[in-house]
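Note sheet for the following structure.
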Amino acid sequence: MPEIIIVKNEAEAGEIYARCVADLIKSKPNAVLGLATGSSPLAAYQALAKVIDAEGIDVSQVQGFALDEYLGLPLDHPESYHSTINRTVTAPLGLDPAKVHVPGDALGGCPLEDGERIADAGAAYDAAIEAAGGIDVQILGIGTDGHVGFNEPGSSLASGTRVKTLVEQTRADNARFFDDDINQVPTHCITQGIGTIMRARHLVLLAFGKGKAEAIRQTCEGGISAFCPASALQMHPHATIIVDEAAASKLSHKDYYEYAYAHKPAWQGI
Ligand code: GLP
């Protein structure tokens with residue numbers, strides 16, 4: 001069962017993540033960070049950039065692996081996850097771009113029809129994560145349907161990185177990045193699998209706002225099911241879910257989570 005931390009706002013969540021990752025990098029300069037796109041992690045990246053700067057932390061050896069990528073978008077498209085990770089993580093944190101990887105990098109925006117190139121890309125990505133020593137801390141957002149990465153409901157909870165079809169709801173949610181035009185949102189993606197994500201040593205999932213409340217309820221207090229892929233976190237030995245009051249509003253054991261966190265010894269960290 002993940003630890004659930006209820007915070008006032010995204011900035012407070014960001015500071016908790018930043019402290020955890022800054023301490024990791026200090027003790028392990030070549031730490032491997034799992035990276036995510038979406039709006040939920042933005043305050044966390046900003047907080048981490050501040051700590052890195054204020055404490056003069058050397059990030060030159062840090063490695064990064066993003067969760068997912070659209071298929072069929074050129075890498076330099078402003079909404080490709082390649083561009084997004086570069087803009088929101090690599091540049092502000094001062095990471096070495098050569099050490100930051102996104103699942104579609106090897107595909108370079110090649111069309112969905114190019115099965116020959118796409119077929120092996122997922123396994124190669126998982127092998128690259130293993131070769132780097134595995135992910136130390138994986139940051140996650142969550143879709144309104146309980147997806148993590150782009151593992152839509154129905155995803156195998158043991159899956160590796162592979163091609164998936166996006167559900168209509170996710171394309172509608174993400175149309176805001178494509179001139180509010182769902183037709184511009186790609187239909188397919190390549191995403192770390194739930195099995196890949198579960199191999200990270202520490203998972204930190206962030207969710208804010210009422211729109212995420214039902215997905216958070218199912219993730220934390222529902223049954224473990226491929227139809228809420230994030231519910232696999234219940235099986236992870238070290239998962240932390242940080243939510244605001246609105247995203248926590250449907251949790252029936254909210255009082256207990258608050259009590260447990262308030263009484264947690266500071267030395268434990270997250
Ligand atoms: C996309 C990403 C997910 C992200 C989700 C939620 O579908 N592939 O990794 O968690 O959006 O995004 P947001 O944090 O903006 O709500």
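Some points to look at:
- Residue match in segment 33-44 (condition: more than 19 Å from residue 81 (Cβ to Cβ) and not hydroxyl-bearing (Ser, Thr, Tyr)): no
- Subset of segment 19-78 that is open to solvent by less than 40 Å² (accessible area, probe 1.4 Å), touching a residue at least 60 places away in the same chain (Cβ under 8 Å) and in a helix (DSSP H, G or I) - its residue that is farthest from the ligand (Cβ to nearest atom): 24
- Considering residues of segment 105-143 that are among the acidic types (Asp, Glu) and surrounded by 13 or more Cβ atoms within 10 Å (Cβ to Cβ) only, the residue nearest to the chain's Cα centre (by Cα): 136
Every residue, every condition in (1) on the phi > 0 side of the Ramachandran plot; (2) touching a Phe, Trp or Tyr at 6+ places or on another chain (Cβ under 8 Å), yes or no:
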{"position": "82", "(1), (2)": "no, no"}
{"position": "94", "(1), (2)": "yes, no"}
{"position": "116", "(1), (2)": "no, no"}
{"position": "126", "(1), (2)": "no, no"}
{"position": "129", "(1), (2)": "no, yes"}
{"position": "133", "(1), (2)": "yes, no"}
{"position": "139", "(1), (2)": "no, yes"}
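- Residue 191 touching a helix residue (DSSP H, G or I) at 6+ places or on another chain (Cβ under 6 Å), within 13 Å of the ligand (Cβ to nearest atom) and open to solvent by less than 10 Å² (accessible area, probe 1.4 Å): no
- Residue, nearest to the ligand (Cβ to nearest atom), within segment 145-167, restricted to residues that are over 18 Å from residue 207 (Cα atoms) and of a type in the set (Val, Ile, Thr): 167
- Residue within segment 168-188 that is away from the ligand (no atom under 16 Å from the Cβ) and either within 17 Å of the chain's Cα centre (by Cα) or surrounded by 14 or more Cβ atoms within 10 Å (Cβ to Cβ) (or both) present: no
- Residue count for segment 106-143 under the criterion of being of a type outside the set (Ser, Thr, Tyr) and within 16 Å of the ligand (Cβ to nearest atom): the result is 9.
- Scanning segment 1-53 for residues that are touching a Leu at 6+ places or on another chain (Cβ under 7 Å) and polar (S, T, N, Q) gives a single hit, 40.
- Looking only at segment 221-270, residues that are open to solvent by 60 Å² or more (accessible area, probe 1.4 Å) and either touching a Cys at 6+ places or on another chain (Cβ under 6 Å) or basic (Lys, Arg) (or both) come to 1 in all.
Each row is one residue, and each column tells you yes or no for (1) touching a strand residue (DSSP E or B) at 6+ places or on another chain (Cβ under 8 Å); (2) modelled with pLDDT of 95 or more; (3) farther than 30 Å from residue 80 by Cα.
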{"residue": "202", "(1), (2), (3)": "yes, yes, no"}
{"residue": "206", "(1), (2), (3)": "yes, yes, no"}
{"residue": "219", "(1), (2), (3)": "yes, yes, no"}
{"residue": "233", "(1), (2), (3)": "yes, yes, no"}
{"residue": "242", "(1), (2), (3)": "yes, yes, no"}
{"residue": "249", "(1), (2), (3)": "no, yes, yes"}
{"residue": "252", "(1), (2), (3)": "no, yes, yes"}
{"residue": "258", "(1), (2), (3)": "yes, yes, yes"}
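- Long-range neighbours under 6 Å by Cβ, at least six apart or interchain, first residue open to solvent by 40 Å² or more (accessible area, probe 1.4 Å) within segment 144-166, second within 10 Å of the ligand (Cβ to nearest atom) and part of a strand (DSSP E or B): 164/189; 164/191
The values are calculated or read from the model by the stated rules, or taken from the named source; none is laboratory data. Note that the structure is predicted; figures quoted are calculated from it, not measured. Positions of Cβ are backbone-derived with ideal geometry, glycine not excepted, and every protein chain shown enters the neighbour counts. For the accessible areas, the whole protein counts, side chains as well, though only heavy atoms, and no ligand, DNA or RNA atoms are used. Shrake-Rupley method; radii C 1.70, N 1.55, O 1.52, S 1.80 Å.
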